[in-house]
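What follows is a short report on a single structure.
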Amino acid sequence: MAQKDLYEILGIARGADDKAIKAAYRKMALEWHPDKHKGDKAAEEKFKEINQAYEVLSDKQKRQQYDTFGSTGGQGGFPGGGGQGFGGFDFSGFSGGGGGGFADIFESFFGGGGGGGGRAKPRSQARRGNDIEANIRIGFEEAIFGAEKELEITKPDVCENCEGKGHEKDAKIVNCGTCQGTGEIREIRQTLLGQMSTSRLCDMCNGEGRVPDKKCGVCHGTARVRMKQRVKVKIPAGVDNGSTIRLSGKGEGGVKGGSAGDLYIVLSVEPSKRFVRSGADIHSVIEIPVVQAVLGGEVKVETLHGAEVIKLPAGTEDGKVFKLADHGAPFLNREGRGDHLAKVKVVIPDKLSKREKELYLELAQESGIEVKKGGLFW
Ligand SMILES: [Zn+2]
Ligand SMILES: [Zn+2]
């Protein structure tokens, strides 16, 4: 089944800015909200689709990923992801994981727990770690045959000292000093309409009203610390410039029980001196002397998979392309390989030996071409 275009789902243009995306999402989500279409399976699907589209397009990184691989039909695509292009993308990671992201926006649109103006509920402090993007440069042949690489990344990861809890093991849980255990902070503001009292969740305890009395001495309560990590990456055969590899769970560590983010590795491939690649096809140039172009003969062609001999027919013209089927780069998401395309370049000599000159003159005479001494040619 073809993946629907995420922009189409939200009814927006490709270049839409964040505001337009949010507005379109809000409109669509209200229209297709399950409360309005009770028991309608199709509407439910549509609502799900809208939310998935929004989750990708509202996230700068994910949107970029989608723009690169979703629409172009996958220059490279996600290796290991089932189909082509965007097919292998995994939405599940975006939906879960407590606060942040979709849940927050959803609540602000639909009033969350309802009632309006009621006391805000404590938020779970668990948060999914951010995704990270890293670049690696690989050789031309490594992209074609695959490789194993190692890279070092520095990222916030789960604090080992407190096992990601943010407090020392012997800490006691006490009333939050900032909100006096109420979980909320009340503020009185002067407005044109008079005094207004607002309340918001206490940042210190996230609305729980209780906090540990001893923060972790290593992460100072953040539950994460920056650390260096070496990551092994298996690069599948057939990747190309701009291909992205996703290492699930190798991104930033989650906060207080949240899951880890993903690591996206973007490949840049060094050019080759001998070959030019276009998709899975490989192009090269074979230079042949003019005599061979005229008389024909055998010529050796270097390919990625060793040398091959091709037979040139007599009278081969400059620019003629010979195809060596199945001698190109492997396809990324299916069996088989592209072709090797060797283009003939006839080399015209600019220096001749005495004997060669004699022979060319003789040839000219034979062909009825008049060549004068001291003339245009010599
Ligand atoms: Zn508090
Ligand atoms: Zn810690």
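The values are calculated or read from the model by the stated rules, or taken from the named source; none is laboratory data. These numbers were taken from a predicted model, which means no experiment stands behind them. Positions of Cβ are backbone-derived with ideal geometry, glycine not excepted, and every protein chain shown enters the neighbour counts. We work out accessible area using only protein heavy atoms, side chains counted, and drop any ligands, DNA or RNA first. Shrake-Rupley method; radii C 1.70, N 1.55, O 1.52, S 1.80 Å.
Listed by position, the strands (runs of 3 or more DSSP E) enclosed by segment 205-298 include none that has at least 2 residues that are out of contact with any Leu (no Cβ under 8 Å at 6 or more places or on another chain), open to solvent by less than 80 Å² (accessible area, probe 1.4 Å) and at positive phi. Where the second residue is open to solvent by 40 Å² or more (accessible area, probe 1.4 Å) and near ligand 2 (Cβ under 8 Å from one of its atoms) and the first is of a type in the set (A, V, I, L, M) and lies in segment 207-232, which pairs have Cβ atoms under 7 Å and are six or more apart or on separate chains? Cβ pairs passing all conditions: VAL218/ASN161; ALA223/LYS165; VAL225/VAL218. The set of residues in segment 136-193 being open to solvent by less than 90 Å² (accessible area, probe 1.4 Å), within 16 Å of ligand 2 (Cβ to nearest atom) and among the acidic types (Asp, Glu) consists of ASP157, GLU168.
Inclusion of THR198 among residues that are hydroxyl-bearing (Ser, Thr, Tyr), away from ligand 1 (no atom under 12 Å from the Cβ), farther than 30 Å from PRO236 by Cα and free of Cβ contacts under 8 Å to residues at least 40 places away in the same chain is warranted.
What about VAL321, is it in contact with a Pro (Cβ under 9 Å, 6 or more places away or on another chain), farther than 30 Å from ILE235 by Cα and either loosely packed, with under 14 Cβ neighbours inside 10 Å or of a type in the set (A, V, I, L, M) (or both)? Taking the combined requirement at face value, the residue does not satisfy it. Do we have VAL301 as in contact with a Pro (Cβ under 9 Å, 6 or more places away or on another chain), assigned to a strand (DSSP E or B) and either open to solvent by less than 70 Å² (accessible area, probe 1.4 Å) or over 30 Å from PRO236 (Cα atoms) (or both) here? Here the answer is no, as VAL301 does not meet what is asked.
Filtered by the rule that a residue be over 13 Å from ILE144 (Cβ atoms) and touching a residue at least 24 places away in the same chain (Cβ under 8 Å), segment 264-284 gives TYR264, ILE265, VAL266, SER268, HIS283, SER284. Take VAL239 and decide whether it is within 30 Å of ARG137 (Cβ to Cβ), in contact with a Pro (Cβ under 9 Å, 6 or more places away or on another chain), of a type in the set (A, V, I, L, M) and within 16 Å of ligand 2 (Cβ to nearest atom). Considered against the rule, which asks whether it is within 30 Å of ARG137 (Cβ to Cβ), in contact with a Pro (Cβ under 9 Å, 6 or more places away or on another chain), of a type in the set (A, V, I, L, M) and within 16 Å of ligand 2 (Cβ to nearest atom), VAL239 comes out as no.
Within segment 159-174, residues that are in contact (Cβ under 8 Å) with a residue 40 or more places away in the chain reach partners that are within 16 Å of ligand 1 (Cβ to nearest atom) and open to solvent by 60 Å² or more (accessible area, probe 1.4 Å) with beta carbons closer than 6 Å, at six or more positions or on different chains, in the pairs HIS167/LYS215; ALA171/ASP213; LYS172/ASP213; ILE173/ARG210.
Right, GLU152: of a type in the set (D, E, K, R) and away from ligand 1 (no atom under 14 Å from the Cβ) or not? Judged against the criteria, GLU152 is a match.
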